[in-house]
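Worksheet: the structure to be examined is printed underneath.
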Amino acid sequence: MSFNWAEYLSLAETLCGTLVSGSPAGMEAHQRAGVSRAYYAGYVSTRNRLRDVDGVPIPAIGNPHKFVADQFSNDPDPLRRQIGIQLSRLRRARNKCDYDDVVGQLPKLTRRSLARAAQILADLGRL
């Protein structure tokens, strides 16, 4: 069955503590949003490390998401390379949740995405 995208409004209302539409968001909306937020936790933390600590300017045009992941994926350091690989995988999961009407095995994808984001953050702390 296709996802009811209107549930994102209900989820937003729940997150903001302001109910307008009155219908609660289902688990699928929570899981999709969780995968998306997990990605952004990893992406922005990785981007900021690259920009603020490593001194690498992030391009304003093109695809900064791919740029950041590629900078890490192509690094000779194995830990940095692993961060890039995991960030790319997390981005693919986020794209599925943000754009696909149907996401197979969503609970498993959610658990895996949350674990990946947590690992990225832990690995960034070890650099």
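The values are calculated or read from the model by the stated rules, or taken from the named source; none is laboratory data. Bear in mind the structure is a predicted one, so any value in this text is a computation, not a measurement. Cβ coordinates were reconstructed from backbone atoms using ideal geometry, including for glycine residues, and neighbour counts include every protein chain displayed.
Which pairs turn up if I take residues in the range 78-101 that are more than 16 Å from residue 38 (Cβ to Cβ) and look for partners that are part of a helix (DSSP H, G or I) and of a type in the set (D, E, K, R) with beta carbon separation below 8 Å, at least 6 apart in sequence or on another chain?
So the pair list comes out as 79/123; 79/126; 82/123; 84/70.
Go through (1) at pLDDT 95 or above; (2) surrounded by 12 or more Cβ atoms within 10 Å (Cβ to Cβ); (3) not hydrophobic (A, V, I, L, M, F, W, C) and name the single condition residue 99 misses.
Answer for residue 99: the failing condition is (2).
Within the range 1-19, track down each residue that is more than 21 Å from residue 99 (Cα to Cα) and either under 21 Å from the mean Cα position of the chain (by Cα) or among the aromatic types (Phe, Trp, Tyr) (or both).
14, 16
Please determine, by comparing only the residues of the range 1-26 that are in a loop (DSSP other than H, G, I, E, B) and among the hydrophobic types (A, V, I, L, M, F, W, C), which one is surrounded by the most Cβ atoms within 10 Å (Cβ to Cβ).
Only one residue fits best here, namely 25.
Taking into account only those residues within the range 57-72 that are more than 19 Å from residue 38 (Cα to Cα) and small (Gly, Ala, Ser), which is modelled with the highest pLDDT?
62
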